[in-house]
Amino acid sequence: MPKPTGLLEGRGSQSETFWYTTKKRLLGPPLVNEQLGEQRLSKPLALGVLSPDGISSSAYGTEEILIALLPIAGLAAFTLILPMTLVILFVMILVVLSYREIVMVYIRPGGSYIVARENFGPRIAQICAVALLIDYVVTVAVQVAAGTAAVASAIPAVGPYKLEICIGVVVLMAFGNLRGLKEAGRAFAVPTYLFAASVILMIVVGVVREVVGNLHPIPLATMHGTYAFGAGTDGILSAVMIFTLLRAFANGGASLTGIEAVSDAVGAFNPPEGRNARQVLVTEGLILGILVAGISWLAHATHATPRIVGYPTVLAQEAQAVFGSGFVGHTLFLLVQLATMLILYTGANTSFNGFPFLTSYVAGDSFLPRWLLKRGHRLVFSNAIILLTVTALALLIIKDADVNSLVPLYAIGVFTAFSMAGFGMAKYHYSRREPGWRHKFIINFSAGVLTLIVVIIFAVVKFTEGAWVVLLLFVIFVPALIRLNKEYRAEAEVLETVVGAQPPPPPHYSRRVVFVFVDSFDLATLAALRYARSLRPTSIRAVHFVIDSIRAEKLRDKWTRADRGVALDFIDCPDRRLVRAATDLAEREVADEGTHVTVILPRRSYSPLLGRLLHDRTADKIAAAVSRIPRSAATIVPYDVPTRVAVLQARQAAARAAAATAKAAATAKQGKAAKNGKLIGQPSARLTADSAGLAQAELAQAELAQAELAETADTAAEQAASTQELNREAEVAAAHTPPRKAGAAAAPGVAAIGSVTGGKVVVEGKVRVVEIRPVERNSVLAVEINDSTGNLTAMFYGRSGIPGLICGARVRFSGSVGIRGGQPVMINPAYELVSHGE
């Protein structure tokens with residue numbers, strides 16, 4: 001038997017929506033999964049790509065220390081900054097030593113979160129997850145705000161527009177990452193080396209000028225808009241001064257953010273991954289230490305003072321003082337500012353890589369919604385990128401893109417992750433006690449304790465400046481993530497029980513009742529009725545819950561005139577609690593254990609935005625309530641109004657054109673025959689009469705449908721919609737009318753189904769029903785055909801589908817026939833596709 005071909009030819013594809021077309025134009029064509037590749041990083045490239053977040057923090061760390069010291073310590077702040085920097089560098093050394101152990105043990109991406117999860121369990125690890133999520137969001141805001149301040153330091157005229165610039169930069173970053181921007185490109189390594197080289201050059205030139213006595217402090221009289229200078233250090237041991245020193249230490253801790261970025265991408269290094277990652281981490285720490293120490297020393301030497309508006313920055317003032325105002329000096333000054341801007345913006349962009357992957361890890365552990373696991377149009381985690389963009393923009397707007405206002409939100413998240421990573425590695429070494437574990441345990445435990453102290457200091461001294469917001473987020477989100485995981489685990493346990501157990505036999509109900517809930521008589525209701533009939537239930541009942549008696553009477557009149565063959569029941573609902581009325585109806589019906597109820601809810605579908613304006617989601621509420629009732633199910637049948645109306649209008653126009661053409665042709669033939677005075681043979685006369693009669697019948701049917709609907713519809717929109725629907729039904733009925741009348745002679749060798757009583761026969765008919773029925777652990781494809789004399793069912797065991805055997809297709813079966821339930825049945829017959837279905 002030849003295999004049917006061309007089954008998919010001629011089927012119209014779904015047209016692209018306006019939003020998808022726009023997205024494709026903006027982001028480029030979609031990528032396929034095979035294009036999801038991984039690039040391995042050499043050590044120089046890894047240092048440039050993974051270090052911007054950490055190294056760029058040195059650009060504003062010293063300035064934040066001075067902002068805390070100047071109002072109390074006055075000029076002594078430029079002396080106190082040196083020991084304060086040494087303390088911060090000591091903390092940095094411990095953090096780097098701790099992460100050296102992490103990158104050797106945990107090669108998988110995830111960094112601190114993976115360490116906490118593996119050593120403390122997934123629930124406690126959510127503290128680290130929330131800390132890192134906050135860190136990524138604040139990193140975008142702080143780095144972009146600091147980068148814009150660097151721009152304003154070089155071009156003061158753009159300073160008043162720093163918020164607008166920040167918003168534009170974040171939007172551009174989001175756009176680039178939604179297109180699939182790769183951080184592993186060599187271009188992202190350039191800002192790191194350019195910044196490190198230019199600032200180290202500035203430090204070297206400044207040291208040389210200091211040695212030769214050519215570097216002088218900036219006169220305070222030339223400074224405007226600076227923070228107020230305090231009285232001095234007479235009470236350095238007073239409570240106020242101690243509190244100030246702690247605030248300065250907390251501010252300076254911002255210099256250490258981003259060190260953990262290397263641990264998040266160990267798997268991207270060339271083998272041996274752990275060893276190469278350790279060397280890059282140490283190199284990053286060394287560069288960061290030199291930059292922080294050098295910038296702090298230059299602040300001590302030049303008295304560069306922070307400005308209230310945020311620009312020029314301390315780093316910009318140092319560059320101007322060191323390089324001078326000549327052509328070469330000004331060029332080098334601009335180079336430092338350019339490098340600062342680039343590395344800060346690049347450091348902000350690292351969050352657009354880290355945040356989506358972190359959310360995917362946490363969502364993979366079922367602690368975040370699973371939609372964060374979905375890759376988008378360009379194989380990136382689009383939902384997470386959009387979430388990060390929105391929250392970072394909100395933060396920038398709320399804080400007016402001010403770095404000093406954002407820092408209190410910054411370091412708590414970072415140092416919480418440092419602390420959990422240190423304690424996690426300490427537990428790892430203590431549990432395994434491998435050779436040399438004691439000194440590793442001391443390093444990691446000390447790092448955990450010290451960074452925990454920093455967290456406590458930050459929470460206390462920065463509480464009123466915004467730290468309370470971060471603490472509140474911890475209190476809210478950590479229990480929320482655990483609660484979400486509890487829901488996912490409960491679902492997984494139930495699924496495990498169901499999958500592992502023997503599947504129950506398929507239910508057999510003596511009655512299957514379908515309720516179609518009707519709100520108004522429209523195209524969506526007609527579509528729901530057609531779907532209800534396709535279920536072949538025991539009974540179909542249309543139900544309208546009466547809230548407005550006048551509207552109900554109008555609906556009754558329309559329904560009666562349309563005569564859809566289904567009775568419409570009216571149920572009084574005086575309290576307008578539709579959900580309660582629907583569940584009461586379903587519960588009364590399933591009181592009989594042999595009854596199954598299906599509730600069908602028609603819904604007119606529009607665009608997402610318009611749909612939310614036009615629908616109050618009542619159908620969703622009813623469906624959710626009914627689905628909780630035993631032996632009940634609910635189905636929402638959407639009906640795309642604009643698309644379907646356009647299709648029906650096109651079909652109606654085509655039908656009218658065809659009918660007019662047929663009538664014109666018949667009239668022309670009759671006129672020609674009368675003019676020539678010839679008698680056309682009886683068979684031809686019958687053919688002409690049949691053609692004219694067919695055309696007249698089609699016109700009469702369309703006119704009758706229009707007349708009936710014009711009488712029953714109250715509005716012009718309802719008249720048009722219902723007219724189109726009835727015309728379509730008339731066309732479908734005409735298209736599916738068998739080509740020969742009942743009792744007409746069949747093709748040679750083909751038996752009429754109505755005459756089949758048994759034996760081996762060949763039958764032919766149109767496919768009426770195709771369904772899959774469960775049989776023990778297998779399935780059977782049941783195909784019912786009709787040839788106008790009767791119905792026959794063909795059973796294909798072990799099949800779930802056969803190309804071409806769809807409703808409306810004409811097929812020929814040959815095989816042995818048995819009688820089951822009064823109906824002829826064939827088991828695995830040979831089949832031949834005669835014509836394709838629609």
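So here's what we get for this one:
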quantity: Answer from Ile102, Ile107 - the residue that is crowded, with 24+ Cβ neighbours inside 10 Å, modelled with pLDDT under 90 and of a type in the set (A, V, I, L, M, F, W, C); calculated: Ile102
quantity: Unmet criterion (only one of (1) β-branched (Val, Ile, Thr); (2) touching a residue at least 24 places away in the same chain (Cβ under 8 Å); (3) surrounded by 15 or more Cβ atoms within 10 Å (Cβ to Cβ)) for Ile819; calculated: (3)
quantity: Only listed residue being over 42 Å from the mean Cα position of the chain (by Cα) and open to solvent by less than 20 Å² (accessible area, probe 1.4 Å), chosen from Ala348, Ala304; calculated: Ala304
quantity: Sole residue being in contact (Cβ under 8 Å) with a residue 24 or more places away in the chain and either more than 27 Å from Val87 (Cα to Cα) or in a loop (DSSP other than H, G, I, E, B) (or both), chosen from Phe458, Phe477, Phe423, Phe415; calculated: Phe477
quantity: Looking only at the range 318-328, and only at residues there that are free of Cβ contacts under 8 Å to residues at least 60 places away in the same chain and closer than 16 Å to Ile218 by Cα, the one that is surrounded by the most Cβ atoms within 10 Å (Cβ to Cβ); calculated: Gln320
quantity: Boolean, Tyr113 is of a type outside the set (Gly, Ala, Ser) and over 19 Å from Tyr410 (Cβ atoms); calculated: no
quantity: Test: Ala129 is part of a helix (DSSP H, G or I) and closer than 17 Å to Arg307 by Cβ; calculated: no
quantity: So Asn276, is it open to solvent by 10 Å² or more (accessible area, probe 1.4 Å) and in a helix (DSSP H, G or I); calculated: yes
quantity: The range 782-838: number of residues that are assigned to a loop (DSSP other than H, G, I, E, B) and among the basic types (Lys, Arg); calculated: 1
quantity: Residue within the range 205-212 that is modelled with pLDDT under 80, open to solvent by 20 Å² or more (accessible area, probe 1.4 Å) and basic (Lys, Arg) present; calculated: no
quantity: Spans of helices (runs of 4 or more DSSP H) in the range 36-117 with at least 3 residues among the hydrophobic types (A, V, I, L, M, F, W, C); calculated: 43-50, 58-73, 77-105
quantity: Selected residue (criterion: least open to solvent (accessible area, probe 1.4 Å)) from residues of the range 506-543 that are touching a strand residue (DSSP E or B) at 6+ places or on another chain (Cβ under 6 Å) and of a type in the set (Phe, Trp, Tyr); calculated: Phe515
quantity: Residue within the range 104-114 that is under 32 Å from the mean Cα position of the chain (by Cα) and within 30 Å of Ser296 (Cβ to Cβ) present; calculated: yes
quantity: Output for the range 362-379, where each listed residue is buried (at least 24 other Cβ atoms within 10 Å of the Cβ) and either polar (S, T, N, Q) or assigned to a helix (DSSP H, G or I) (or both); calculated: Val362
quantity: Single residue of Leu298, Leu315 found to be crowded, with 24+ Cβ neighbours inside 10 Å, over 21 Å from Gly74 (Cβ atoms) and modelled with pLDDT of 90 or more; calculated: Leu315
quantity: Where a residue in the range 68-85 is buried (at least 23 other Cβ atoms within 10 Å of the Cβ) and its partner, wherever it lies, is among the charged types (D, E, K, R), with Cβ under 8 Å and at least six apart; calculated: Ala68/Arg247
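The values are calculated or read from the model by the stated rules, or taken from the named source; none is laboratory data. Quick caveat: nothing in here was measured; it's all calculated off a predicted structure. Note: ideal-geometry Cβ built from the backbone for every residue, glycine included; neighbour counts use all protein chains shown. What goes into the accessible areas is simple: the full protein's heavy atoms, side chains included, and nothing from ligands, DNA or RNA. Shrake-Rupley method; radii C 1.70, N 1.55, O 1.52, S 1.80 Å.
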